[in-house]
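Just below is one structure, and these are the notes that go with it.
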Amino acid sequence: MRKKIEPNFFIIGAAKAATTSLNSLLASHPQAAIARVKEPHFFSFDHVYELGWKKYLTLFSHCRGQKAIGEASTSYSRIRYHKSTVDRMKEHVPNARIIYMVRHPLERMESAYVEHACTRVGVAFPSINDAIRQQPMILDSSRYWEVFDAYRQKFDESRIKIVWFEEYIADTTAVFQDVCRFLEIDDSVIPDFERERTNSRENASTRLAKLGRSDVVLNTTWDAAVRLWVLDQIRDDNCRFLSHFGRPRDYWGDLFN
């Protein structure tokens, strides 16, 4: 009888921290397999979860004996908005390995703002300052300690891997191989950059033009008061996160001085 194929690892976010890139590089590893679609949102979106576990497992029906089987859904780190995610994941995959990618919190917000404008139909926020005030999820996705702590309440810390965006970009091969060791697959494999997928690296104006939205003007310049308010919101969270993982307070520059 063929062994039942189930996922054993998840890339949970954060959004705009290279999750698409890592997901595609792992898909090219001979001992790893990735769900047929990126971001199935099974554990987070109620309407998807209600379709059932068996339906979800069809996303892995192409897997053939790989040691590491997983998927990436950035909504899994939006725990304020999808409160059942961690419990559902623990119920179905109690020994899962969790990969959490983090990035300079303000730069991640800026990138999320641009992505929102380029992928959402409708009114684009005229500036990052408007987006932060009207779309709190953009800010909340940079509460890294809050997310990590929620997962470590259910999964042993040894089963949670933090990937730092800045280190990933600086030496993708080294970080990829470190992730391979975490997943207990061959860490001598060199990532296949020919098959790497990323969210579009075109600038925002080019992407908007292709969508017929050339009239949309984006502004990623922070208003001083809004920037200060944002830092006040995330300071304690981010500093605790940095400290827990042995990173200095100024790891992301002078944000928290």
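Summary of values
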quantity	calculated
Per-bin percent of Cα-Cα distances, the chain [5 Å]	1, 6, 13, 16, 18, 17, 14, 9, 5, 1, 0, 0, 0
Farthest toward positive dipole pole in the range 1-98 [+1 Lys/Arg, -1 Asp/Glu at C-beta], among Gly13, Asn23, Gly65	Gly65
Backbone HN-Hα couplings from phi across the range 246-253 [Karplus 6.51/-1.76/1.60, Hz, Gly and Pro as x]	x, 9, x, 4, 9, 3, 9, x
Extension gain (nm, one decimal) between Asp223 and Asp156, 0.36 nm per residue minus Cα-Cα	20.1 nm
Label-point separation in nm, Arg235 to Ser28, each point 7 Å along Cα→Cβ	4.3 nm
Computed label-point distance, nm, for sites His62 and Arg181 using a 7 Å Cα→Cβ extension	3.1 nm
Whole-Å semi-axes of the ellipsoid equivalent to the range 39-163 (Cα gyration tensor, √5λ, descending)	28, 18, 14
Heavy-atom accessible area per residue - the chain, 1.4 Å, Å²	49 Å²
Simple label model, 7 Å out from Cα along Cβ direction - Lys55 to Asp130, nm	3.7 nm
Potential extension, Val48-Glu194 segment - 0.36 nm per residue separation minus Cα distance	49.4 nm
Rounded Å value of the spacing that divides the Cα centres of the range 131-205 and the range 1-43	12 Å
Estimated FRET transfer efficiency (Thr173, Arg249; beta-carbon r; R0 35 Å; 0.05)	0.75
Binned Cα-Cα distance frequencies in the range 1-81 - 10 Å width, integer %	18, 50, 28, 3, 0
Paramagnetic reach from Arg36 (point 7 Å along Cα→Cβ, amide N under 20 Å) across the range 43-63	43-45, 47-63
Gyration tensor verdict on the range 125-203 (Cα atoms; rounded if a/c is under 1.5, prolate if a/b is larger than b/c, oblate otherwise)	oblate
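The values are calculated or read from the model by the stated rules, or taken from the named source; none is laboratory data. In this text the structure is predicted, and so the values were computed from the model without any measurement. Backbone-built Cβ (ideal geometry, glycine too); neighbour counts: all protein chains shown. Heavy atoms of the whole protein, side chains included, go into the accessibility calculation; ligands, DNA and RNA do not. Shrake-Rupley method; radii C 1.70, N 1.55, O 1.52, S 1.80 Å.
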